[in-house]
Amino acid sequence: MTTQRRTFLSRGATAGLAVAAAAVSKVAMAALPEPVLQAKPDTMPPLVPRNGRPYNPVVTLNGWTLPWRMNAGIKEFHLVAEPVVREMSPGFKAHLWGYNGQSPGPTIEVVEGDRVRIFVTNKLPERTSIHWHGQRLPNGMDGVTGLTQPAIEPGKTFVYEFVARRPGTFMYHPHADEMVQMAMGMMGFWVTHPKARHPLIDEVDRDFVFLLNAYDIEPGAYTPKIMTMLDFNLWSWNSRIFPGIDSFNVRQGDRVRIRFGNLTMTNHPMHLHGHEFVVTGTDGGPTPKSTRWHEVTTDVAVGQMRQIEFIAEEPGDWAFHCHKSHHTMNAMGHDVPTMIGVDHSDVVGKISRLIPDYMVMGERGMGDMSEMAMPLPDNTVPMMSGEGPFGSVEMGGMFSVVKVRKGQKAGDYSNPGWFRHPPGTVARELAEPIAKVPRVRGAGPSAMPSQNMPAANLEVQVRKARGHAGH
Ligand SMILES: [Cu+2]
């Protein structure tokens, strides 16, 4: 017991964890493992197991793994559901609900066959429960409020206990006032490692995990709008948005696994540049080898999990992102009129004097906006930003970079900086002017002729009135 406590404390000290030891009485100490808290948004180094069966730990993107205590052969964890402040990106903090100081909560890592006991203390203003998504367990441990257990009322602690029966990629989330509690950020990752060599689970050099989540927070506000059903404005990985999402730093030649689960209300086609991957598992377990084919994009539907694997053969800074283009943007107003081709620069200045946060789309698209550095309300991030070695990356939301480097040492997860391209391998501007290409006018010779030929050079001059009439 004492040794275990010391382990917790020293681990806390080295990993930058704050241990809340204050109000814990001796009696409570005996019954409950101390809750370990984490407030820093950094990607913490993998938590190497100090007891129990050995395994190769995962790395939680901008997150951490929850330490446990061994009690008569049972792995004991303590989750505390509570309000938290999450820095979603530098300069932007959100008031969320989570576990043990953070949203998402800490990752839980166990080994196939482990008997697991999880204490769940509710420090929220309303009742909650935890559902262990994807697990085989006794029905009464499934965490569905009203159906399989009474709700955990504020101030109460419940105990869940089951054997982690199958290895794989799982998550946990409340099954009580679900729409509100998930919109507020309550969720966490769960990995059950195989107890021995498994024919369908390869050993990997790097194993990253994160959850896809979404929030609706108005620019300048701190708290998500919990009644939003589909129209979220912040698309995040582990409650972080680009440029606040850490990069995946790997060594050239590493076998890399990335696991993700989708707890948003829409699907996300996850796309990796420069490499092909295979989907090696879902929340249903490892996929049979005959079902695996190479892809560069895989869709993860609502409530699903995917694990992808690839050999990081190509050195460089490779984008990894959701392929829905509005999911790689941060908060914006959507009722912005399209202004491509319209010079409105003189008008903007006049309107801005009347309406300080007036914003219109750029006349050449929206790329300009990332460099405009327009004044923003406090506590928000630009819609598209991120400074790369060649200028603005013009991205936000669900976007990060897989950094593949020859010199990245095994076990080193630190950021190696920007890629140094070998000479002659970067797209460049053509020095000499290009000859004028004659443009083809009209339909091609094999096009079907139009019945009524339009008058030549017809230009549409109609201006649509905006307003209530006609809706
Ligand atoms: Cu998406």
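A few comments on the model shown:
- Residue check, VAL191 β-branched (Val, Ile, Thr) and either buried (at least 22 other Cβ atoms within 10 Å of the Cβ) or without any contact (Cβ under 8 Å) to a residue 24 or more places away in the chain (or both): yes
- Flag if ILE217 is closer than 26 Å to PRO57 by Cα and among the aliphatic types (A, V, I, L, M): no
- Looking only at the stretch 253-275, and only at residues there that are out of contact with any His (no Cβ under 7 Å at 6 or more places or on another chain) and farther than 13 Å from PHE310 by Cα, the one that is surrounded by the most Cβ atoms within 10 Å (Cβ to Cβ): GLY261
- The strands (runs of 3 or more DSSP E) found wholly in the stretch 48-139 and carrying at least 1 residues that are among the acidic types (Asp, Glu) and out of contact with any Gly (no Cβ under 7 Å at 6 or more places or on another chain) occupy 74-89, 108-111.
- Members of the stretch 276-291 found to be in contact with a Phe, Trp or Tyr (Cβ under 8 Å, 6 or more places away or on another chain) and surrounded by fewer than 19 Cβ atoms within 10 Å (Cβ to Cβ), listed by number: GLU276, VAL278
- Subset tally (residues that are surrounded by 16 or more Cβ atoms within 10 Å (Cβ to Cβ), part of a loop (DSSP other than H, G, I, E, B) and within 14 Å of the ligand (Cβ to nearest atom)) for the stretch 221-252: 4
- Pairs where the first residue, in the stretch 254-281, is on the phi > 0 side of the Ramachandran plot and away from the ligand (no atom under 13 Å from the Cβ) and the second is outside any strand (DSSP E or B) and not polar (S, T, N, Q), C-beta under 7 Å, 6+ apart: GLY274/GLU314
- Exactly one residue out of VAL278, VAL204 is more than 21 Å from GLY397 (Cβ to Cβ) and in a loop (DSSP other than H, G, I, E, B): that is VAL204.
Every number in this text was worked out from the coordinates using simple rules, so none of it is lab data. Nothing here was measured: the structure is a model prediction, and the numbers come from that model. Every residue, glycine among them, receives a Cβ derived from its backbone with ideal geometry; neighbour counts consider all protein chains shown.
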